[in-house]
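A.B. asks: My structure is below; once you've seen it, I'll send some questions.
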Amino acid sequence: MESPKLAQRGRAAINFQAGIGIAAGRLMNECERTFLASPAANAPLPEDLDERHEAVSAVIGDMPAYKLQALLSEWRGRSHGAVALAAFEDVRETIAPQLQALDDGPSTLESDADFTPPAYWAETEFHRTAGGWDASDFNGYVHGELLHKLMLAKMFSGDIFAQRRAVAQAAPRRDYKRILELGASSGHFTIALDETFPEAEITGIDLSPRMLEHAKRVGNSRGTDWRLAVRAAEDTGFADASFDLVASFNLFHELSPPVIEAVLAEAFRVLAPGGDMIMSDVPRFAELPPLTAWRFDQIAKWGGEPFWRASACMDLGAAARAAGFVDVTAGGIGAAPIRHPYVLAGRKPG
Amino acid sequence: MADYAQYAVAGDSKARRILTVDQLDALGEAILALTSEVWILTDRQMVLEEVLKSTGLDVTAAVDMFVPSAEFEKRLDAKRDKLIASIMTALQGQSIA
């Protein structure tokens, strides 16, 4: 899909938000350097993350830089969704017809008026998205295009779209015929799967109708026939053994451990014998430098990521084996020391 | 005491503190909202200068000496009210756009 074209005000406002995010990151780096230069850095940090936070804050909590980064992040967290939505509203008359023109095409979206999303999703404002993922009629565009491409891509280190391609390419085969993507959202990872496996039939599910509406438009803009449906990853409703590859990108940290276990069990069920599972997510806290894990935990705590901590503390390899997968591998494939994205892979015997 | 002093009611403005500690975060966010507006306008000004420059127009002196018409003054008022409202919203600790 063509890069978003905003009016001057919206473009500048989103750029400012990205600049604030980058500035907050630099301030946090300064704080971490101060901590590492302190005598406290000579002792191991507590395993318990709340105790770790107390230990770190005892050293840097009163630094002006620490307080300012918290203020910057809080302001950005509170306002970024509204800023992006306002930027869209400024150009709605131009962009909405262009998007609606992509409603018809080879990609389809199954709608089910009786579908009831699970409470953990319906009652959580992930990423501090005011009103949730479906708060406005073009929220898929607002989040998938404006926020991801114009704000997050500038703030996060590395190419967030290349990361998706790297995960897709980490799958062990190239001859999959039927791929199921869990948590397809607005279609960024779907594109990577489509590029990597152009011959495969791709099915994508998500809990957000607005995100999938945009994914359908993305699919149609590419002329691809994605099958999209509003369904839960832990209860897909698809027949046993109906896919050759089940994949996800950055889904698990939005889920609690019991739901992750249910998702892995569901992936195992819908995979054909010999099929592969590849799920990518944030790094495991235990495999990060302790101070980095603390930083990620704080970002999650204040960034509308309520399940990140519990999820990042899970042993995903053990969970995959418990679900029945064999040849399980788990580890980061990105640059050290963070090595994001973390990739869990396994095969259904047969 | 001077004769008039018994009739005077005047606050001690030097000792007066209006904002309380629990409003400091909102104040900080209001400054950020204001800075965002400053940036948006700076961006626009730079874009405008580039656009005019590309058409061969040097308007710097004309801008300096510009006297708004009544109609344009109304538009300025409306824009200013919107800016002030956004800061007031942030000062109250509410989301801003």
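The values are calculated or read from the model by the stated rules, or taken from the named source; none is laboratory data. It should be emphasised that the depicted structure is a prediction, and the values quoted were computed from it without experimental measurement. Every residue, glycine among them, receives a Cβ derived from its backbone with ideal geometry; neighbour counts consider all protein chains shown. In case anyone asks, the SASA skips ligands and DNA or RNA and just uses the protein heavy atoms, side chains included. Shrake-Rupley method; radii C 1.70, N 1.55, O 1.52, S 1.80 Å.
Here is a yes/no grid of residues against (1) buried (at least 24 other Cβ atoms within 10 Å of the Cβ); (2) over 18 Å from the mean Cα position of the chain (by Cα); (3) among the aliphatic types (A, V, I, L, M); (4) at pLDDT 95 or above:
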position	(1), (2), (3), (4)
A:Leu182	yes, no, yes, yes
A:Ser186	yes, no, no, yes
A:Glu201	no, yes, no, yes
A:Gly204	yes, no, no, yes
A:His214	yes, no, no, yes
A:Arg222	no, yes, no, yes
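A.B. asks: Just the residues that are under 17 Å from the mean Cα position of the chain (by Cα) and either in a loop (DSSP other than H, G, I, E, B) or within 12 Å of chain B (Cβ to nearest Cβ) (or both), please, taken from the stretch A:115-139.
C.D. replies: Within the stretch A:115-139, A:Thr124, A:Glu125, A:Arg128, A:Thr129, A:Gly132, A:Trp133, A:Asp134 meet the criteria.
Table: residues versus (1) assigned to a helix (DSSP H, G or I); (2) within 14 Å of another protein chain (Cβ to nearest Cβ); (3) without any contact (Cβ under 8 Å) to a residue 24 or more places away in the chain.
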| residue | (1), (2), (3) |
| --- | --- |
| A:His143 | yes, no, no |
| A:Lys149 | yes, no, no |
| A:Ala153 | yes, no, yes |
| A:Val167 | yes, no, no |
| A:Arg174 | no, no, yes |
| A:Glu181 | no, no, no |
| A:Ala192 | yes, no, no |
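A.B. asks: Looking only at residues that are in contact (Cβ under 8 Å) with a residue 40 or more places away in the chain and open to solvent by 70 Å² or more (accessible area, probe 1.4 Å) in the stretch A:314-341, which one is farthest from A:Gly25 (Cα to Cα)?
C.D. replies: Of everything passing the filter in the stretch A:314-341, A:Ala322 is farthest from A:Gly25 (Cα to Cα).
A.B. asks: So A:Ala345 passes all but one of these: (1) surrounded by fewer than 18 Cβ atoms within 10 Å (Cβ to Cβ); (2) in a strand (DSSP E or B). Which condition number does it fail?
C.D. replies: (1)
A.B. asks: Moving to a separate point now. Listed residues B:Ala15, B:Ala61; which is at pLDDT 80 or above, farther than 28 Å from A:Phe16 by Cα and of a type in the set (Gly, Ala, Ser)?
C.D. replies: Just one listed residue meets the conditions, B:Ala15.
A.B. asks: A further question follows. Step by step: first the residues of the stretch B:27-56, then only those that are facing chain A (nearest Cβ under 8 Å) and touching an Asp or Glu at 6+ places or on another chain (Cβ under 9 Å), then the one that is surrounded by the most Cβ atoms within 10 Å (Cβ to Cβ). Which residue is that?
C.D. replies: The extreme case among them is B:Glu29.
A.B. asks: Give me a count of the residues in the stretch A:220-260 that are closer than 19 Å to A:Gly346 by Cβ and charged (D, E, K, R).
C.D. replies: Counting residues in the stretch A:220-260 that are closer than 19 Å to A:Gly346 by Cβ and charged (D, E, K, R) gives 3.
A.B. asks: Report yes if B:Glu29 is touching a residue at least 40 places away in the same chain (Cβ under 8 Å) and either in a helix (DSSP H, G or I) or in contact with a Cys (Cβ under 7 Å, 6 or more places away or on another chain) (or both), otherwise no.
C.D. replies: Values: touching a residue at least 40 places away in the same chain (Cβ under 8 Å): yes; either in a helix (DSSP H, G or I) or in contact with a Cys (Cβ under 7 Å, 6 or more places away or on another chain) (or both): yes.
In short, yes.
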